[in-house]
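The values are calculated or read from the model by the stated rules, or taken from the named source; none is laboratory data. Not measured: the values here are computed from a predicted model. Quick reminder, even Gly has a Cβ in these numbers, built from the backbone with ideal geometry, and neighbours come from all protein chains shown. Please note that ligands, DNA and RNA were not included when accessible areas were found on the heavy atoms of the full protein model with its side chains. Shrake-Rupley method; radii C 1.70, N 1.55, O 1.52, S 1.80 Å.
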Amino acid sequence: MRVLIIGSGGREHALAWGIAKSPRLEKLFVAPGNGGTETLATNVPLDITDHAAILAFAKTEAIDLVVIGPDAPAVAGLGDDVRAAGLRCFGPSKAAAQLEGSKGFTKALCDEMAIPTARYARFADEPAARAYLRAQGAPIVVKADGLAAGKGVCVAETLEEAETFLHECFTGAFGASGASVVIEEFLEGEEASLFALCDGEHFVLLESAQDHKRAFDGDKGPNTGGMGAYSPAPVMTPEMLERARREIIEPTVRGMSARGTPFTGVLYAGLMITPEGPTLIEYNVRFGDPEAQVLIPRLETDLLELLEATATGRLAEIEPIWRPEACVTVVLATKGYPGPVGKGSEIRGPDAIKADDLIVFHAGTRRADGRLLANGGRVLDVTALAPTIAAARDRAYAAVDRIDWPQGFCRRDIAWRALQRRD
Ligand code: AMP
């Protein structure tokens, strides 16, 4: 098969790494890719918002499967355009991508299908929203309805904080994404990410994972795209997995199909495991980054076969098999991230780290004159498999310490929750 992956992050390098292992792969392209993907695929300098350019390339190269990595092209309808051109695509339709593109859409589906989620109200004007906030009190959570690059959520400990954020939403801080807001009850518990491949009618659960959103150790500092992850997440016990399947994923797949907008691709449920059980915080319509980096190395089954079965409605025939090892990834970011960062500093060492169960996935990197250069905020994902989470964590940090990059930093406590449970 000839495959084109869309995206340039650590998630897309992990997808490329998994697909490249498939005996069924004939040729792999990544658009635009990064300094890691170019070692196992051909990077193509395409603008991923230019759907016509992507389709033209896919036709010229006789691509058999387009794999959409990030959320933005999925929400922009690239999946529809690819399928309309007669090509196969791993990724949702624009209508189904509303599960990530609109928090109000997902809340309405939860109401319709009795899916457990935080109590909420949705508002399109500030005075009504403020009155509701005051009636509810803090702690409370305020969310811009649309995509806001991970910045559209305020978990407010005080009413003042909530009102300030609300005002920002209604005065254009998030553009059209903030024209409507969802205000919801604060949920207490431990978070976990659960992934399901869906072909519109059937789904298969993948393993669970947990990421680390805050920039610094001890879950301190600003929110980021994710500073590390591990899989499996011990909080997702077999009982919780079964409940999440029955109470959340299954009714979502059924509800989307009944509405005439079946979901295809990967459904990523952000869950809060509360004393009452699994509760849906949000849906994403793509793999998590960095969760993909700990899921894909654990997969025994051919990833390309799974993605193709998802795209062609054949998931009922497949049950993925997992390696028994745990996996941990540690993100190395440029100092200053998630704020503005400098580009171009040299990184030494990653290319020497290579084993079946120790992988350095690249995110913001590029190569020039034989040197590896930082090219963004999150730069590398140092990923290790081992029999336990503790051993995988130790292996990942031992590899991190072999990387010479004074301009970078990482968290030193990835997987602390899982390790605390086991101590
Ligand atoms: P979201 O973009 O909806 O996933 O929200 C981002 C983060 O805000 C989540 O990963 C949670 O840590 C937190 N969060 C969102 N909604 C709630 C809630 N209802 N209660 C507690 N924390 C929340």
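Somewhere in region 392-400, is a residue of a type in the set (S, T, Y), in contact (Cβ under 8 Å) with a residue 40 or more places away in the chain and assigned to a loop (DSSP other than H, G, I, E, B)?
No, that holds for no residue.
If you scan region 53-64, which residues turn out to be free of Cβ contacts under 8 Å to residues at least 24 places away in the same chain and exposed (fewer than 11 other Cβ atoms within 10 Å of the Cβ)?
Within region 53-64, T60 is the sole residue that qualifies.
Could you tell me which residue of region 184-200 is most open to solvent (accessible area, probe 1.4 Å), considering only residues that are under 20 Å from A95 (Cα atoms) and part of a strand (DSSP E or B)?
The initial filter retains those residues of region 184-200 that are under 20 Å from A95 (Cα atoms), namely 195-200.
Restricting the remaining residues to those that are part of a strand (DSSP E or B) gives 195-199.
Details: F195: 0, A196: 0, L197: 3, C198: 0, D199: 19 Å².
That would be D199.
Can you name every residue in region 252-271 that is touching a Ser or Thr at 6+ places or on another chain (Cβ under 7 Å) and open to solvent by 20 Å² or more (accessible area, probe 1.4 Å)?
Within region 252-271, T261, T264 qualify.
Which condition from (1) within 16 Å of the ligand (Cβ to nearest atom); (2) out of contact with any helix residue (DSSP H, G or I) (no Cβ under 6 Å at 6 or more places or on another chain); (3) closer than 20 Å to L99 by Cα is the one that G265 breaks?
With respect to (1) within 16 Å of the ligand (Cβ to nearest atom); (2) out of contact with any helix residue (DSSP H, G or I) (no Cβ under 6 Å at 6 or more places or on another chain); (3) closer than 20 Å to L99 by Cα, G265 is out only on (1).
Among the residues of region 251-282, what is the count of those that are of a type in the set (S, T, Y) and closer than 18 Å to E201 by Cβ?
Going through region 251-282 one residue at a time, the tally reaches 4.
Checking the structure you have, find out if any residue of region 398-415 is open to solvent by 40 Å² or more (accessible area, probe 1.4 Å) and of a type in the set (V, I, T).
The answer is no; no qualifying residue exists.
What residue, among those in region 204-227 that are within 13 Å of the ligand (Cβ to nearest atom) and over 14 Å from the mean Cα position of the chain (by Cα), is nearest to D71 (Cα to Cα)?
Top of the filtered list is N223.
Failed condition for E201, given (1) modelled with pLDDT of 95 or more; (2) within 15 Å of the ligand (Cβ to nearest atom), with all others met?
(2)
Please determine, by comparing only the residues of region 105-139 that are in contact with a Leu (Cβ under 6 Å, 6 or more places away or on another chain) and of a type outside the set (A, V, I, L, M, F, W, C), which one is farthest from R259 (Cα to Cα).
Filtering first and then ranking leaves T117.
Cβ-Cβ distance below 6 Å, separation of 6 or more or different chains: which pairs start in region 360-374 with a residue that is free of Cβ contacts under 8 Å to residues at least 40 places away in the same chain and end on one that is among the acidic types (D, E) and surrounded by fewer than 17 Cβ atoms within 10 Å (Cβ to Cβ)?
Listed by first residue and then by second, the contacts come to R371/E346.
Yes or no, residue by residue, for (1) farther than 18 Å from A233 by Cα; (2) out of contact with any helix residue (DSSP H, G or I) (no Cβ under 7 Å at 6 or more places or on another chain):
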{"site": "H362", "(1), (2)": "yes, no"}
{"site": "A368", "(1), (2)": "yes, yes"}
{"site": "V379", "(1), (2)": "yes, yes"}
{"site": "I389", "(1), (2)": "no, no"}
{"site": "D401", "(1), (2)": "yes, yes"}
{"site": "D404", "(1), (2)": "yes, yes"}
{"site": "I414", "(1), (2)": "no, no"}
{"site": "R417", "(1), (2)": "no, yes"}
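Restricting to region 332-375, give me the number of residues that are touching a Cys at 6+ places or on another chain (Cβ under 9 Å) and either modelled with pLDDT of 95 or more or β-branched (V, I, T) (or both).
Summing the residues that are touching a Cys at 6+ places or on another chain (Cβ under 9 Å) and either modelled with pLDDT of 95 or more or β-branched (V, I, T) (or both) in region 332-375 gives 2.
Could you tell me how many of the residues in region 67-94 are over 16 Å from D199 (Cβ atoms), open to solvent by 40 Å² or more (accessible area, probe 1.4 Å) and more than 16 Å from the ligand (Cβ to nearest atom)?
Total satisfying the criteria: 6.
Being touching a residue at least 40 places away in the same chain (Cβ under 8 Å), open to solvent by less than 20 Å² (accessible area, probe 1.4 Å), within 15 Å of the ligand (Cβ to nearest atom) and under 20 Å from the mean Cα position of the chain (by Cα), is that true of even one residue in region 238-251?
yes
If a residue must be open to solvent by 70 Å² or more (accessible area, probe 1.4 Å), in contact (Cβ under 8 Å) with a residue 12 or more places away in the chain and more than 12 Å from the ligand (Cβ to nearest atom), how many such residues does region 137-183 contain?
3
Would region 277-295 turn up any residue that is over 24 Å from E190 (Cβ atoms) and more than 15 Å from the ligand (Cβ to nearest atom)?
no
Any chance you could count how many residues in region 300-321 are touching a Ser or Thr at 6+ places or on another chain (Cβ under 8 Å), open to solvent by 20 Å² or more (accessible area, probe 1.4 Å) and within 17 Å of L15 (Cβ to Cβ)?
3
Within region 99-136, which residues are farther than 22 Å from A173 by Cβ, open to solvent by 30 Å² or more (accessible area, probe 1.4 Å) and not in a loop (DSSP other than H, G, I, E, B)?
A108, D111, E112, M113, T117, A135
Only one of these conditions is not met by A269: (1) assigned to a strand (DSSP E or B); (2) at pLDDT below 95. Which number is it?
Unmet for A269, out of (1) assigned to a strand (DSSP E or B); (2) at pLDDT below 95: (2).
Being open to solvent by 30 Å² or more (accessible area, probe 1.4 Å), outside any loop (DSSP other than H, G, I, E, B) and among the hydrophobic types (A, V, I, L, M, F, W, C), is that true of even one residue in region 38-52?
So far as region 38-52 goes, yes, one or more of its residues are open to solvent by 30 Å² or more (accessible area, probe 1.4 Å), outside any loop (DSSP other than H, G, I, E, B) and among the hydrophobic types (A, V, I, L, M, F, W, C).
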